Amino acid sequence: MNSINKLLAVLPVVLMLTLAPVMAQTTVDLQWDGSGHFQTNFNPDDDAQVVFETSGSSISGEFHGIDYNDNPYNYGVDTVDVKIKSNFENGFVGYAFTRTDSYDRMYGPSGQTSYTFIQADEGSFAWHSKSNFASLRNCNYGWQNDNQITARGDYIVDHELIVDSNKYAYIYEEGNGETQISDMSEEAGKGFTFGKGCGCYTNTKVKSTGSGEFTLYAKAPNKIETDSGITVEGGDLTIYSSFNNGFTINNFALSGS
């Protein structure tokens with residue numbers, strides 16, 4: 001949780017995009033290719049806050065943001081869509097998408113966040129987030145179906161899906177070698193699905209070479225259920241591995257309520 005606050009608090013603002021309310025759809029399309037540091041803040045009205053940054057000896061990628069300004073069902077909340085693909089060498093990527101508005105009466109409060117940080121000798125990140133009056137969804141099918149997170153060399157990977165301080169899940173891995181993480185679908189509203197959802201088949205796995213440590217953690221006050229058959233009746237779940245010659249998990253999907 002502290003990692004998100006750190007990203008939002010300490011990063012210098014390189015590009016700030018604050019969109020005033022208008023009736024038409026507003027789009028932002030950015031590309032970068034070179035070395036050094038790139039950052040964008042995308043703040044579509046009061047509906048979402050998105051921070052993305054990358055740094056390295058080589059960086060390239062694309063950012064696509066849409067504020068639909070659609071106010072479906074007159075709930076007072078617009079749909080926001082962000083797609084990213086980013087590659088780097090000898091650096092990092094940081095991403096935080098926070099849903100900041102909701103139709104509380106039916107769907108509960110806002111505040112759901114998707115957060116990812118990757119630091120490595122070589123790394124890549126491909127992600128698609130969308131929020132509306134009901135939820136935050138990470139639906140990568142059709143944008144990039146596999147290996148949304150990769151890292152090589154000495155690396156750290158931290159990916160989190162947060163409803164609030166009592167409902168969240170994350171994967172954290174650090175090591176030396178290479179890791180490929182597929183996490184095609186996620187949803188966060190009153191509860192969450194981690195590694196599955198979006199009305200799509202589940203495609204969530206980790207394949208790592210070399211040595212390192214991997215942690216899958218989830219917390220929820222009512223129930224946690226994994227696709228592998230583990231049920232926790234309120235509390236938290238930790239799956240941990242320390243590995244010397246590779247690590248594989250074929251399905252880390254779970255849900256929390």
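Restricting the search to strands (runs of 3 or more DSSP E) fully inside segment 153-257 and requiring at least 2 residues that are surrounded by fewer than 18 Cβ atoms within 10 Å (Cβ to Cβ) gives 167-183, 204-220, 235-243, 247-249.
For segment 11-35, name all the residues that are modelled with pLDDT of 95 or more and under 21 Å from Ala96 (Cβ atoms).
Pass one, segment 11-35, residues modelled with pLDDT of 95 or more: 27-35.
Hits for segment 11-35 are Thr27, Val28, Asp29, Leu30, Gln31, Trp32.
For segment 54-73, the criterion of being out of contact with any helix residue (DSSP H, G or I) (no Cβ under 7 Å at 6 or more places or on another chain), more than 19 Å from Ser114 (Cα to Cα) and modelled with pLDDT under 95 is satisfied by no residue at all.
Being β-branched (Val, Ile, Thr), touching a residue at least 24 places away in the same chain (Cβ under 8 Å), surrounded by 18 or more Cβ atoms within 10 Å (Cβ to Cβ) and part of a loop (DSSP other than H, G, I, E, B) narrows it down to one of Val82, Val77, so name that one. First the steps, then the outcome.
Working: Val82 fails: part of a loop (DSSP other than H, G, I, E, B).
Matching residue, one of Val82, Val77: Val77.
Criterion applied to Glu89, Glu62, Glu122 was being under 15 Å from Gln148 (Cα atoms), more than 18 Å from the chain's Cα centre (by Cα) and of a type in the set (D, E, K, R), and the one residue passing it is Glu122.
Exactly one residue among Glu160, Glu122 is among the charged types (D, E, K, R) and free of Cβ contacts under 8 Å to residues at least 40 places away in the same chain, and that residue is Glu122. Taking first residues from segment 208-231 that are touching a residue at least 24 places away in the same chain (Cβ under 8 Å) and partners that are basic (Lys, Arg), the Cβ contacts under 8 Å between residues at least 6 apart in sequence or on separate chains come to Lys219/Lys167; Ala220/Lys167; Pro221/Lys167; Asp227/Lys196.
The values are calculated or read from the model by the stated rules, or taken from the named source; none is laboratory data. Please read all numbers here as calculations on a predicted model, not as lab measurements. Positions of Cβ are generated from backbone atoms using ideal geometry, with glycine treated the same way; all protein chains shown enter the neighbour counts.
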